[in-house]
Amino acid sequence: MHHCLDVSFNEDRRRIRNENGAQNFALVTRYALSLLKRDPTKMSVAMKRRAAAWGDTYALEVLSHGMTQV
């Protein structure tokens, strides 16, 4: 998992000094990584992240895969 986080989100290059801030940001990136991996699109995780940043439609599609239907 560390390799995916480092390659996709540049985790080792973060400059967060506050311990709570670093833990919170790590939690958010792990959740984002799990949502991106759950998406059935045949792209790399880094490309999925970029596509979600470029277009609101794809970002909402990725987020909706994380929601369970009630």
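Every read-out reported here was derived from the displayed coordinates using simple, explicitly stated rules and does not represent laboratory data. All values derive from a computational prediction rather than experimental measurement. Reconstructed Cβ throughout: ideal geometry from the backbone, glycine too, with neighbour counts over all protein chains shown.
Some points to look at:
- Footprinting exposure proxy for Val45, Val28 (fewest neighbouring C-beta atoms within 10 Å first): Val28, Val45
- If R0 is 22 Å, the Cβ-Cβ spacing of Ala59 and Asn24 corresponds to a FRET efficiency of close to 0.60.
- Listed from fewest to most Cβ neighbours within 10 Å, the set Lys42, Lys37 follows the order Lys42, Lys37.
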